[in-house]
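One structure below.
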Amino acid sequence: MTTSFPGFADPVLDSQSCFRALLEAMSRPGRVQRVIAPPEVPPGLSPASAAVLLTLVDADTPLRLNAGAGAEAWVRFHCGCPLVRDGAAFVLDEGAGLAELEAGTDEEPERGATLILEVASLDEAAGWRLTGPGIREAHLLRVGGAPESFIAEWERNRAAFPRGVDVLLTAGDRLAALPRTVRIEEG
């Protein structure tokens, strides 16, 4: 197996740019942001997911990753993070259900995990209708390839507020955020 390990082309500026995009996405739920992606991404990771991991995950950040051996080696090399099954701060595992992830507590809701969910497409168009903090009236987001059970799982997750899981949706070099306070309706 041949493994290539390039990260960001300009580690400081590219990670700062990605961090700004993540802040914008979390403060304006459903708004699609483009990120500068690493020039090469291992199989199993989208460019946006790779950029998010390079920006947010480090040696003190437990990660649950199910994206193949190449992605695991790449993440270990760049982030040095512990790969765990339970108690992860970030989760990139398409088989993970929201209810099984760390939701924090009423006293420490910030301990809730962030799920990085790779989807086929993200567009600011009719699909999901988002409402809640950070959204004036409503915002439309079309998400291609989300799990069929996602909306029902999301409603249960949101009902546990202040506990819960936040979600970063990624597709290609694009991302959008769903903080746990956002309400999602079909249409």
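The values are calculated or read from the model by the stated rules, or taken from the named source; none is laboratory data. Everything quoted here is computed from the prediction, not taken from an experiment. Cβ coordinates were reconstructed from backbone atoms using ideal geometry, including for glycine residues, and neighbour counts include every protein chain displayed. Please note that ligands, DNA and RNA were not included when accessible areas were found on the heavy atoms of the full protein model with its side chains. Shrake-Rupley method; radii C 1.70, N 1.55, O 1.52, S 1.80 Å.
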- Among the residues of the range 52-75, is any part of a loop (DSSP other than H, G, I, E, B) and in contact with a His (Cβ under 9 Å, 6 or more places away or on another chain)? yes
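From the set of residues in the range 61-81 that are touching a residue at least 12 places away in the same chain (Cβ under 8 Å) and open to solvent by 50 Å² or more (accessible area, probe 1.4 Å), which is nearest to A177 (Cα to Cα)?
If we take residues in the range 61-81 being touching a residue at least 12 places away in the same chain (Cβ under 8 Å) and open to solvent by 50 Å² or more (accessible area, probe 1.4 Å), then N66 is nearest to A177 (Cα to Cα).
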- Message: Residues to consider are T131, T170; find the one that is polar (S, T, N, Q), under 16 Å from A96 (Cα atoms) and in contact with a strand residue (DSSP E or B) (Cβ under 6 Å, 6 or more places away or on another chain).
- Response: T170
- Query: Are any of the residues in the range 139-156 hydroxyl-bearing (S, T, Y) and surrounded by 17 or more Cβ atoms within 10 Å (Cβ to Cβ)?
  - Reply: no
- Task: May I ask you to say which residue of R129, R156, R136 is modelled with pLDDT under 95 and of a type outside the set (D, E)?
- Result: R136
- Note on the structure: By residue number, the members of the range 12-52 that are at positive phi and crowded, with 22+ Cβ neighbours inside 10 Å are G30
- Task: Inspect the range 177-186 for any residue being modelled with pLDDT under 95, over 21 Å from A21 (Cβ atoms) and not aliphatic (A, V, I, L, M) and give the result as yes or no.
- Result: yes
- Item | Residues of the range 1-27 satisfying the condition of being of a type in the set (D, E, K, R), out of contact with any strand residue (DSSP E or B) (no Cβ under 8 Å at 6 or more places or on another chain) and at pLDDT 90 or above | D14, R20
- Item | Every residue from the range 137-159 that is in a strand (DSSP E or B) and over 18 Å from the mean Cα position of the chain (by Cα) | H139, L140
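Take the conditions at positive phi, small (G, A, S), in a loop (DSSP other than H, G, I, E, B) and surrounded by fewer than 22 Cβ atoms within 10 Å (Cβ to Cβ) and apply them to G134. Does it pass?
yes
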- Task: Tell me, please, whether a residue that is loosely packed, with under 15 Cβ neighbours inside 10 Å, of a type in the set (G, A, S), touching a helix residue (DSSP H, G or I) at 6+ places or on another chain (Cβ under 7 Å) and not in a strand (DSSP E or B) can be found in the range 98-116.
- Result: yes
